[in-house]
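Here is the structure we will look at, set down as structure tokens.
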Amino acid sequence: MRPIHYTHAHTAEEAVQAFANGNGHANYVSGGTTLFDLMKLGIEKPTHVIDIASLEGAGRIDTSGNRLFFGAGALMADVAENDVVRRDYAILSESLTKAASQQLRNMATVGGNLLQRTRCLYFRNGANGIYPCNKRDPGSGCAAIGGLDRGQAVLGSSNACSAASPGDWPVALVALDAVIEILGPSGARAVPISEFYMLPGNTPHIEFALSAGEIITGISVPKTDAGRLSTYHKIRDRESYAFAIASAAVALTLSGDRIQTSRIALGGVATKPWRARETEEMLHGQRLTYETALAAARASLATAEAGEHNRFKIELGARTLADAIMIAAGRKA
């Protein structure tokens, strides 16, 4: 048994101060669905845990005005089941309901979900030193490269890491240009979600654009008419409670049978939630057919690089995205 100091914070400011008092060995915890799992695996070993589950205002959901706002402490289930989100932003609701079991969604928060760490088997099962992992132990190497790489990324990899980003909710937020609100020792700031997730490069252990002691306080999503024609489409090894092999978040506006605008991101195939700009550009102004959708989808995977066992992800990713485009377009009233 390792002794752990516990602090129950009541405000975000109080939590940040408690972290500073922890001399760099503190971890924030809210729903606990990620941190406790990593502690059991020996990956996280905090000496000070700061409970932020009941921070003042952290669970706020606001759908008024020109944006959607979700407090970082809002539960996944509450956001997914919000009437406005379900009606006007299926892309958000579906990315949450397809992410986990109902029990987990009743505990896990939307802010904590943004910080979910990779499911790479070498990262999660190598804490005893059997498998090298640059995310876990910087500079130790990457056992997945040349190893069992079926679940690894085909976009955004480096010579140091090929772990796929695990999230569903972040993929939808990337498609909708969300902004992450943050509080830390230096004050408050806002970061576009496109800048929040880091490519592995030579420093795969640096996954998020967060400085020491910073805490996510909220998620802001600009309102868009494209939310009404949207979906989050997820392909996995089993129908429920599994991480994506490939996924796509799509939101469209149409004029007749032509695409006016598209907001698209890929999951399961990249080292971070991946904006599919090439697909968006190819679809603009085009008459929508499955053939058009598939050609545009393949453009976003043209630079994909596969290992020995995950080459199938390139075509699967393209077809998953093409199917998602058709599903979203089919929701036109």
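Nothing in this text is a laboratory measurement; each read-out follows from the coordinates by a stated rule. The shown structure was predicted, so the numbers you read here are calculated from the model rather than taken from an experiment. Note: ideal-geometry Cβ built from the backbone for every residue, glycine included; neighbour counts use all protein chains shown.
Values for this structure:
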{"quantity": "Filter result for ALA295 (touching a Phe, Trp or Tyr at 6+ places or on another chain (Cβ under 9 Å) and either surrounded by fewer than 23 Cβ atoms within 10 Å (Cβ to Cβ) or touching a residue at least 60 places away in the same chain (Cβ under 8 Å) (or both))", "calculated": "no"}
{"quantity": "Counted residues, segment 225-255 - those being in contact with a strand residue (DSSP E or B) (Cβ under 7 Å, 6 or more places away or on another chain), surrounded by fewer than 21 Cβ atoms within 10 Å (Cβ to Cβ) and in contact (Cβ under 8 Å) with a residue 40 or more places away in the chain", "calculated": "2"}
{"quantity": "Complete set of residues in segment 5-29 that are within 22 Å of LYS135 (Cβ to Cβ) and either among the basic types (Lys, Arg) or touching a helix residue (DSSP H, G or I) at 6+ places or on another chain (Cβ under 8 Å) (or both)", "calculated": "ALA26, ASN27, TYR28, VAL29"}
{"quantity": "Residues satisfying the stated conditions in segment 163-214, i.e. loosely packed, with under 15 Cβ neighbours inside 10 Å and part of a loop (DSSP other than H, G, I, E, B)", "calculated": "PRO185, SER186, GLY201, ASN202, ILE206, SER211, ALA212"}
{"quantity": "Of residues in segment 116-133 being under 17 Å from the mean Cα position of the chain (by Cα) and surrounded by 19 or more Cβ atoms within 10 Å (Cβ to Cβ), the one nearest to LYS332 (Cα to Cα)", "calculated": "GLN116"}
{"quantity": "Enumeration of residues in segment 32-62 that are closer than 29 Å to PRO132 by Cα and of a type in the set (Gly, Ala, Ser)", "calculated": "GLY32, GLY42"}
